[in-house]
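Asker: What follows is a structure written as structure tokens; I'll ask about it next.
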Amino acid sequence: MKTQPFQLTTLSQSSLQDYVDCAQRFKLRYLDRLSYPAVETEPTLENEKHQQEGEYFHRLIQQHLIGIPAEQIAKFANTPNLQRWWENFQNAKDLTSLRENLSGLYPEAALSAPLGKYRLLAKYDLITVENGKAIIYDWKTYRKRPRNEWLSARLQTRVYRALLVNAGAHLNNGKPFEPEQIEMVYWFADFPNEPARIPYTTAQFKRDWDFLVKLADEIASAASYPLTEDRQKCLYCTYRSYCERGVRAGDLEQAEAEMESEELFDVNFEQIGEIAF
Ligand code: SF4
């Protein structure tokens, strides 16, 4: 029996990034909902553990930002990675104001706005609003510090900033933020004093939103979903045996060395579970 493709109503930075990286991956993941659990990198266990610790770390910060004392949180940072990341978070100079001032903080903020036929959704690790300036924080547990140019071009950076302009008025006394009031900060748990600070301008916002609308239209009217021509992308893709693009998982060290594969180790916010404090 032939199953009907899933009727997609929402888009996110992850689904848009998948579409841009490989239309076929977008189709398999979001339209066919095909679960094809090939391992993405070797060694599998090490990568899985890192991923789980990254998710847990996000939850620890979130709990702290809603008021759980640092001493209590520290008890849950119970692996070498978590301990180091938590200490780095506590000591990072750039985050002093976050730790000391718990007002104007919006951890786990979720924003959405219409985008063509869809709704564009984003869940933010943290948005802070102070003195007319909004800062989007995103916590990263990458083992390597990515280049700022790579981060700036990611759909996450483009979606998060543009959506805050279009859907964040309630965080600014009912008035939409000007792009120039917005900055995105990637804070790296293993590189605590090297955050990436990415400002925003009206020209960038216009370019980003036009691009997103065009992309949503293209997705809505897509008649085919070609496999990417960049076979490097298949090396770490969960669907590679389905697409007959290789069986063995890409090597973790190689993936890191290439620096275009950080997203493998990214945290999917929706997968983060609760921790009982
Ligand atoms: S294996 Fe390659 S072609 Fe197939 S979905 Fe993944 S990235 Fe696309």
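The values are calculated or read from the model by the stated rules, or taken from the named source; none is laboratory data. It should be emphasised that the depicted structure is a prediction, and the values quoted were computed from it without experimental measurement. Please note: Cβ atoms are built from the backbone with ideal geometry, for glycine as well, and neighbour counts cover all protein chains shown.
Asker: For the range 130-150, give me each residue that is modelled with pLDDT under 95 and among the hydrophobic types (A, V, I, L, M, F, W, C).
Answerer: TRP150
Asker: Is it true that some residue in the range 181-203 is touching a strand residue (DSSP E or B) at 6+ places or on another chain (Cβ under 7 Å), surrounded by 19 or more Cβ atoms within 10 Å (Cβ to Cβ), small (Gly, Ala, Ser) and outside any strand (DSSP E or B)?
Answerer: yes
Asker: Can I ask one more? Can you tell me which condition LEU105 does not meet? The list is (1) crowded, with 20+ Cβ neighbours inside 10 Å; (2) without any contact (Cβ under 8 Å) to a residue 60 or more places away in the chain; (3) of a type in the set (A, V, I, L, M, F, W, C); (4) over 14 Å from LEU212 (Cβ atoms), and all the others hold.
Answerer: (1) is the only condition that LEU105 fails.
Asker: Name the residues in the range 108-140 that are acidic (Asp, Glu), surrounded by 16 or more Cβ atoms within 10 Å (Cβ to Cβ) and part of a strand (DSSP E or B), would you?
Answerer: Scanning the range 108-140 gives a single hit, ASP138.
Asker: Related question: Determine which single condition ILE219 fails, assuming it passes every other condition in (1) within 16 Å of the ligand (Cβ to nearest atom); (2) touching a Phe, Trp or Tyr at 6+ places or on another chain (Cβ under 8 Å); (3) outside any helix (DSSP H, G or I).
Answerer: The single condition ILE219 does not satisfy is (3).
Every residue, every condition in (1) away from the ligand (no atom under 16 Å from the Cβ); (2) at pLDDT below 90; (3) loosely packed, with under 15 Cβ neighbours inside 10 Å, yes or no:
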{"position": "GLN24", "(1), (2), (3)": "no, no, no"}
{"position": "ARG29", "(1), (2), (3)": "no, no, no"}
{"position": "LEU34", "(1), (2), (3)": "no, yes, yes"}
{"position": "GLU40", "(1), (2), (3)": "no, yes, no"}
{"position": "PRO43", "(1), (2), (3)": "yes, yes, yes"}
{"position": "ASN47", "(1), (2), (3)": "yes, yes, no"}
{"position": "GLY54", "(1), (2), (3)": "yes, no, no"}
{"position": "ARG59", "(1), (2), (3)": "yes, no, no"}
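Asker: When the range 91-106 is examined, which residues are found to be part of a loop (DSSP other than H, G, I, E, B) and over 8 Å from THR128 (Cα atoms)?
Answerer: ALA92, ASN101, LEU102, SER103
Asker: Could you list, in sequence order, the residues of the range 204-224 that are of a type in the set (D, E, K, R) and surrounded by 15 or more Cβ atoms within 10 Å (Cβ to Cβ)?
Answerer: ASP208
Asker: Can you tell which of TYR236, TYR225 is within 16 Å of the ligand (Cβ to nearest atom), among the aromatic types (Phe, Trp, Tyr) and modelled with pLDDT under 95?
Answerer: TYR236
Asker: Now for a different question. When the residues of the range 112-156 are filtered to those that are of a type in the set (Ser, Thr, Tyr) and closer than 26 Å to LEU82 by Cα, which remaining residue is nearest to the chain's Cα centre (by Cα)?
Answerer: Looking at residues that are of a type in the set (Ser, Thr, Tyr) and closer than 26 Å to LEU82 by Cα, I get TYR124.
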